[in-house]
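The values are calculated or read from the model by the stated rules, or taken from the named source; none is laboratory data. These figures come from a predicted structure and were not determined experimentally. Cβ coordinates were reconstructed from backbone atoms using ideal geometry, including for glycine residues, and neighbour counts include every protein chain displayed.
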């Protein structure tokens, strides 16, 4: 197959999906919406910015673009990002005319899927829904909802990472007779990399792997830490992709928890496996989500999940059996979940065994990507 992916070329989620087709010998082209360097044998790559993506900060830039301005930047992309679509779609259309792909895959609806739908013009289009495309972005403005509806109408096939989003897609205009796939957003977990530790973790260590995101209640997470430390003063907290963020550092200083918290810089994807393995519990305090790839990787690594109580999460987690659900808006609820997990070694051990089986049967990378390849074939055939 000759495939054209419209995706964020920096994203491990997109790259892991693309990697499979490169290694299978397909002719793969990438239109990246962000400046990037990709270590894959792509046939071609172009940078096509959309919604101000060419000005996206890197992690070395000033903290002035950190969590303090996150909501503003998200609103800016929502309200003004659509104005950048005509220019970006013209650039993508030229690339499509040159590449002549069998299929275009827009990975994430705002704005990659939207952009692809504007430029596809008769080429079979598959679209991936990521996490909060419907629950957060579709509700952000009437214009965004309209663009998402138009994208779903144009798509010849739909990939979502949870069953909930298949239902929501139908309510937003996706035809149920078209091919669809429910599978992890990153194509699944490489269990040769993400696997439980050989020995159980002894020290009480809690991981927040979510970084700075508008839909993650990190403020509530940090306010939960003093509650946890009051009962378990030796607990360590590890937070990825938060190093140098002034708002986070301010919370830590105000709460006087600096001795118990380690803020990490962005961690290469493959190195996350070892971080999961040295923690007993991971916390995902999100209020909008599909199936977080970080959750699946943590489950595969034997780390116990304490996660926001969302419909999409309940497709994977049964409260009190293979994880704990909590109210991500409530520090006391987060603390209760973490303390229960730290106290219950038996619960953590049982959950690790259950979750290992779940990942092997429902989210293993090679098995999932075989389904993805068949999905692509169906989209091309039925378009």
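Quick notes on this one:
- The residue of the range 183-215 that is modelled with the lowest pLDDT, among those that are within 17 Å of residue 11 (Cβ to Cβ) and in contact with a strand residue (DSSP E or B) (Cβ under 7 Å, 6 or more places away or on another chain), is 215.
Condition check ((1) buried (at least 16 other Cβ atoms within 10 Å of the Cβ); (2) on the phi > 0 side of the Ramachandran plot; (3) assigned by TED's automatic domain parsing to the domain that holds residue 13; (4) without any contact (Cβ under 8 Å) to a residue 40 or more places away in the chain) across all residues:
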{"residue": "209", "(1), (2), (3), (4)": "yes, no, no, no"}
{"residue": "213", "(1), (2), (3), (4)": "yes, no, no, no"}
{"residue": "217", "(1), (2), (3), (4)": "yes, no, no, no"}
{"residue": "223", "(1), (2), (3), (4)": "yes, no, no, no"}
{"residue": "226", "(1), (2), (3), (4)": "no, no, no, yes"}
{"residue": "231", "(1), (2), (3), (4)": "no, no, no, no"}
{"residue": "234", "(1), (2), (3), (4)": "no, no, no, yes"}
{"residue": "237", "(1), (2), (3), (4)": "yes, no, no, yes"}
{"residue": "247", "(1), (2), (3), (4)": "yes, no, no, no"}
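- Residues (surrounded by fewer than 23 Cβ atoms within 10 Å (Cβ to Cβ) and either touching a helix residue (DSSP H, G or I) at 6+ places or on another chain (Cβ under 8 Å) or farther than 19 Å from residue 222 by Cα (or both)) located in the range 277-293: 277, 278, 280, 288
- Yes/no for residue 151 being within 24 Å of residue 284 (Cβ to Cβ) and touching a residue at least 24 places away in the same chain (Cβ under 8 Å): no
- Some residue of the range 314-324 being under 19 Å from the mean Cα position of the chain (by Cα), in contact (Cβ under 8 Å) with a residue 60 or more places away in the chain and within 24 Å of residue 19 (Cβ to Cβ): no
- For residue 332, the conditions (1) in a loop (DSSP other than H, G, I, E, B); (2) in contact with a helix residue (DSSP H, G or I) (Cβ under 8 Å, 6 or more places away or on another chain) are fulfilled apart from (1).
- Matching entry among 360, 351, 300 (being buried (at least 20 other Cβ atoms within 10 Å of the Cβ), over 17 Å from the mean Cα position of the chain (by Cα), touching a residue at least 24 places away in the same chain (Cβ under 8 Å) and over 21 Å from residue 228 (Cα atoms)): 351
- Scanning the range 76-93 for residues that are loosely packed, with under 14 Cβ neighbours inside 10 Å and touching a helix residue (DSSP H, G or I) at 6+ places or on another chain (Cβ under 9 Å) gives 79, 86, 90.
- Criterion violated by residue 25 - all others in (1) over 21 Å from residue 366 (Cα atoms); (2) modelled with pLDDT of 95 or more satisfied: (1)
- Counting the residues of the range 255-294 that are under 22 Å from residue 234 (Cβ atoms) and without any contact (Cβ under 8 Å) to a residue 24 or more places away in the chain gives 3.
- Test: residue in the range 179-190 that is part of a loop (DSSP other than H, G, I, E, B), touching a helix residue (DSSP H, G or I) at 6+ places or on another chain (Cβ under 9 Å), in the same structural domain as residue 140 (by TED's automatic domain parsing) and more than 23 Å from residue 305 (Cβ to Cβ): yes
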